[in-house]
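Peer 1: Before anything else, here's the structure in question.
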Amino acid sequence: MRKRIFAVLMTLALVVSLAACGKTETGKEKNTNGEETKELKEVTFVLDWTPNTNHTGVYVALEKGYYKEAGLKVKVVQPPEDGAAVLVASGGAQFGVDFQDYLVPAFSGDNQLPVTAVAGIIQHNTSGIVSLKGNGITSPKGMCGKKYATWELEIEQAMLKYLVEKDGGKFEDVTLIPSTVTDVASALQTKEVDDVWIYYAWDGIALEQQGVENDFFFFKDYDEALDYYSPVIIANNDYLKECPEEAKAFLAATKKGYEFAMENPEEAADILVKAAPELDKDIVVKSQEWLKDQYQADAPSWGVIDEKRWDAFYDWLYDNGVVKEQIPHGTGFSNDYIQ
């Protein structure tokens, strides 16, 4: 993975970098009288996946004109095959979406990436394991003797091994089925697998909307160290250094978008569906309603990253031998641009 990242970075280094402060848009904004108004700075924001309710605040900020009010013209793009972090690190985008667990290679080893997490989109880890109701998988040890759909990632399997054994089971009794499940309901109902790692705000809500009765447990309920940030907004380090006020303006407008989504989940859902009409509106509405209390949760305000919890997850990785060198406390995130 690191070799791929390094190769991509070397290739992208040959193209013109966008990491510098947003360039002035060709032509200026015009008011209703056709008169030119203030110039807008172009900013690129790369998603982690296809549009979903993790991203609603960004689409609200676009629709409501919050970015324009901040002097920005924001372009939302899909991620490359190697992920948002690589594009942001290369300067191909100033901001993007990633996950604290996926960012481990960016902050450790020989090929670290020049990116920083600058806002937590959702305050607590909403991922966990889902299975059909009555299949006996109501806690980690219930996975023993069952088929689990694995992405074959080191951190993923280390977490599950830890949880299963902490709960009194033996991880070797879990049957690992290499699979990237795209239809959770079908995978469970056809017995392709017995349990899947999902993010409740989307796949969990989708199962409920489809009438699929299920059992689900959150990882964070079994160990506080696994209550990490998923997802976060990351930024290019050079951009943050060279354009701190522009970065703050972007995040202030984004924060306003998420605050609107918290206060107006139904309208926010409509805005997301308008931007991505391929989405199932019923799932979007229910997901948005659930997430309105999760975006900020117990944080002092939206986006603030708790240093203790951030560090606790990386400490857990080191203590459990997942990374060879301990990631220093405070590495990889900053609240300076959101506050």
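The values are calculated or read from the model by the stated rules, or taken from the named source; none is laboratory data. None of these values were measured; they are calculated from a predicted model. Neighbour counts run over all protein chains shown; Cβ positions are idealised from the backbone, glycine included. Quick note on the areas: whole protein, heavy atoms, side chains included, nothing else; ligands and nucleic acids left out. Shrake-Rupley method; radii C 1.70, N 1.55, O 1.52, S 1.80 Å.
Peer 1: Among the residues in region 263-277, are any modelled with pLDDT of 95 or more, among the hydrophobic types (A, V, I, L, M, F, W, C), touching a Pro at 6+ places or on another chain (Cβ under 8 Å) and surrounded by fewer than 19 Cβ atoms within 10 Å (Cβ to Cβ)?
Peer 2: Within region 263-277, one or more residues are modelled with pLDDT of 95 or more, among the hydrophobic types (A, V, I, L, M, F, W, C), touching a Pro at 6+ places or on another chain (Cβ under 8 Å) and surrounded by fewer than 19 Cβ atoms within 10 Å (Cβ to Cβ).
Peer 1: Additional query: Sort out which residues of region 86-100 are of a type outside the set (Phe, Trp, Tyr) and open to solvent by less than 10 Å² (accessible area, probe 1.4 Å), and write them in order of number.
Peer 2: If the condition is that a residue be of a type outside the set (Phe, Trp, Tyr) and open to solvent by less than 10 Å² (accessible area, probe 1.4 Å), then Val86, Val88, Gly91, Ala93, Gln94, Gly96, Val97, Gln100 are the ones that fit.
Peer 1: Restricting to region 89-139, count the residues that are in a strand (DSSP E or B) and charged (D, E, K, R).
Peer 2: Of the residues in that region, 1 qualify.
Peer 1: Next question. Go over the candidates Glu25, Glu39 one by one and state the one that is surrounded by fewer than 20 Cβ atoms within 10 Å (Cβ to Cβ) and either modelled with pLDDT under 50 or touching an Asp or Glu at 6+ places or on another chain (Cβ under 6 Å) (or both).
Peer 2: Glu25
Peer 1: What's the number of the only condition in (1) closer than 30 Å to Gly145 by Cβ; (2) in contact with a Lys or Arg (Cβ under 7 Å, 6 or more places away or on another chain) that Glu246 fails to meet?
Peer 2: Only one criterion is unmet by Glu246, namely (1).
Peer 1: Are there any pairs, at least 6 apart or on different chains, whose C-beta atoms fall under 6 Å, with the first in region 140-157 and at negative phi and the second open to solvent by 50 Å² or more (accessible area, probe 1.4 Å) and assigned to a helix (DSSP H, G or I), and if so, which?
Peer 2: Every condition considered, the pairs that remain are Cys144/Asp173.
Peer 1: Can you tell me which residue in region 101-118 is surrounded by the most Cβ atoms within 10 Å (Cβ to Cβ), limited to those that are over 27 Å from Lys41 (Cα atoms) and under 14 Å from the mean Cα position of the chain (by Cα)?
Peer 2: So, considering only residues that are over 27 Å from Lys41 (Cα atoms) and under 14 Å from the mean Cα position of the chain (by Cα), the one surrounded by the most Cβ atoms within 10 Å (Cβ to Cβ) is Leu103.
Peer 1: Enumerate the pairs (first residue in region 166-193 and more than 18 Å from Thr138 (Cα to Cα) and part of a strand (DSSP E or B); second residue anywhere and at pLDDT 95 or above and among the aliphatic types (A, V, I, L, M)) with beta-carbon separation below 7 Å, excluding pairs fewer than 6 apart on the same chain, so at least 6 apart or on different chains.
Peer 2: Ile177/Ala149; Ile177/Val193
Peer 1: Across region 65-85, which residue is least open to solvent (accessible area, probe 1.4 Å) among those that are touching a helix residue (DSSP H, G or I) at 6+ places or on another chain (Cβ under 7 Å) and under 26 Å from Tyr199 (Cα atoms)?
Peer 2: Once the filter is applied, the top-ranked residue is Ala85.
Peer 1: Here's a check for you: in region 37-66, which residue that is acidic (Asp, Glu) and within 20 Å of Cys243 (Cβ to Cβ) is nearest to the chain's Cα centre (by Cα)?
Peer 2: Glu42
Peer 1: For the subset of region 203-261 comprising residues that are in contact with a Phe, Trp or Tyr (Cβ under 8 Å, 6 or more places away or on another chain) and among the basic types (Lys, Arg), which member is most open to solvent (accessible area, probe 1.4 Å)?
Peer 2: That would be Lys256.
Peer 1: Would you pick out the residues in region 294-322 that are without any contact (Cβ under 8 Å) to a residue 40 or more places away in the chain and open to solvent by less than 20 Å² (accessible area, probe 1.4 Å)?
Peer 2: If the condition is that a residue be without any contact (Cβ under 8 Å) to a residue 40 or more places away in the chain and open to solvent by less than 20 Å² (accessible area, probe 1.4 Å), then Asp311 is the only one that fits.
Peer 1: Keeping to region 136-159, report how many residues are among the hydroxyl-bearing types (Ser, Thr, Tyr) and either farther than 18 Å from Leu188 by Cβ or crowded, with 19+ Cβ neighbours inside 10 Å (or both).
Peer 2: 2
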